[in-house]
1. Looking for whichever is buried (at least 16 other Cβ atoms within 10 Å of the Cβ), on the phi < 0 side of the Ramachandran plot and modelled with pLDDT under 95 here; the options are 139, 124. Which one fits?
2. Collect the residues in segment 63-91 that are open to solvent by 70 Å² or more (accessible area, probe 1.4 Å) and among the charged types (D, E, K, R), keeping them in residue-number order.
3. Within the set of pairs 6 or more residues apart or between chains, which connect a residue that is hydrophobic (A, V, I, L, M, F, W, C) inside segment 140-157 to a residue that is open to solvent by 40 Å² or more (accessible area, probe 1.4 Å) with Cβ atoms less than 6 Å apart?
4. Under the condition of being buried (at least 16 other Cβ atoms within 10 Å of the Cβ) and over 18 Å from residue 186 (Cα atoms), which residue from segment 157-172 is modelled with the lowest pLDDT?
5. Could you check how many residues of segment 92-106 are open to solvent by less than 10 Å² (accessible area, probe 1.4 Å) and either within 17 Å of the chain's Cα centre (by Cα) or at positive phi (or both)?
6. Does segment 146-153 include one or more residues that are small (Gly, Ala, Ser) and at pLDDT below 95?
7. With the requirement that a residue be out of contact with any Leu (no Cβ under 8 Å at 6 or more places or on another chain) and within 21 Å of residue 303 (Cβ to Cβ), what does segment 121-130 give you?
8. Could you list, in sequence order, all residues of segment 217-241 that are assigned to a helix (DSSP H, G or I) and surrounded by 19 or more Cβ atoms within 10 Å (Cβ to Cβ)?
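The values are calculated or read from the model by the stated rules, or taken from the named source; none is laboratory data. Worth saying up front: this structure is predicted, and the values here are computed from it rather than measured. So basically every Cβ, Gly included, is an ideal-geometry build from the backbone, and we count neighbours across all protein chains shown. When the accessible area is computed, the model is the full protein with side chains, heavy atoms only, and any ligands, DNA or RNA have been set aside. Shrake-Rupley method; radii C 1.70, N 1.55, O 1.52, S 1.80 Å.
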Amino acid sequence: MSPTEPFSQPRREAWWRRMSRRMDRASLSFSEQVRDVVLLRRDLDESFWDDLLQVLVGADCGLPVAERLVDRLRTRVREERMTSAEEALRALKAEMLAVLEARDRRLRIVAVPTVVIMVGVNGSGKTTTIGKLAHRLQSEGRMVLIAAADTFRAAAIDQMRLWADRSATEVIAHQPGGDPGAVVYDALQAAVARGIDVVLVDTAGRLHTKVNLMAELIKVRNVARRVIPKAPHETLLVIEAPTGMNAIAQARVFHEALGLTGIVLTKLDGTSRGGTVLAIEEDLGVPVKLVGLGEGIDDLNVFDPRAYLDALFAGVLEAPGSAPGPATPAPAKPGAPKPATPKSGSAHR
């Protein structure tokens, strides 16, 4: 097993095949807009490009990403002499894939112990994600320890222990209201002594002010560095996909204070806007490394751009490997004769 590849490829592919069906809200919303606004057009004229831009912005891709994708697509359509909306949409999917595949999404599990600090506002799924990640890492043969350093929220430590029990992971915790830095210090000392592979650090998601929260998180990071000079090896922000573009402002604050190395996008099955991943990565320059789709302990995996786009475009385009169907015909004019019945064996919808 590669130290930077904690999840095996076969399990990852099987998971995405199972979970892609749970992205129905995003796929349905995106496909309805594409069909209504784009596919019914017969010509790739200026109206087509304006409408496509609006569809991408409406899907929360963000204006900078949407404009760049449309510009690249216009060039590709011209160079490859495409004439149909369906051809253009297949090329759009390829352009989106190229953007997403340009980023390194591997978790940096590169030291013993590797320290992963999880940050995010309360309610984003941070504690749940830690429990799922601990389960995943242990199922790949790694020894994991959890530091319950969210000492400010009522019942946070108990919630962390419940998830740790599900993954059979030990938790280092102090009393509620205690010093988070002391929790991290004790956890890392124990990890070094025991030869633990990965330490997952839970952190507070809300204090009285944003300044206080960031100061507390910086303190936790600095304590970790005193014990392990290169820690943290990963600083992952957990955000909910349904928050869409609102998540970007939230993410900027954490990134400016801590220097994020990755994003964990939770509740991907609960959003109707499929472009959030593109917008967040464009704004921060930080990759989405993990995604959650559901509440089960197995419902977390590395982000797979190709599987994600297959699910997003499922209502519009057939997945790779399927024979491409013809473009959707324009609606018949009133009084026009019905089209001829397709010959046996021809593709039709």
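1. Going through 139, 124 in turn, just one is buried (at least 16 other Cβ atoms within 10 Å of the Cβ), on the phi < 0 side of the Ramachandran plot and modelled with pLDDT under 95: 124.
2. Taking segment 63-91 and keeping what is open to solvent by 70 Å² or more (accessible area, probe 1.4 Å), we get 63-64, 67-68, 71-72, 74, 78-81, 83, 87, 90.
Within segment 63-91, 67, 68, 71, 72, 74, 78, 79, 80, 81, 87, 90 meet the criteria.
3. The qualifying pairs are 144/138; 145/170.
4. The residue in question is 167.
5. As a first pass, look at segment 92-106 and keep what is open to solvent by less than 10 Å² (accessible area, probe 1.4 Å): 92, 96, 100.
Checking the rest, the ones that are also either within 17 Å of the chain's Cα centre (by Cα) or at positive phi (or both) come to 96, 100.
Residues meeting the conditions: 2.
6. Scanning segment 146-153, I find no residue that is small (Gly, Ala, Ser) and at pLDDT below 95, so the answer is no.
7. Kept after step one, since they are out of contact with any Leu (no Cβ under 8 Å at 6 or more places or on another chain), are these residues of segment 121-130: 121-128.
Passing the criteria: 121, 124, 125, 126, 127, 128.
8. Let us first name the residues in segment 217-241 that are assigned to a helix (DSSP H, G or I), namely 217-227, 241.
Selection gives 217, 220, 221, 223, 224, 241.
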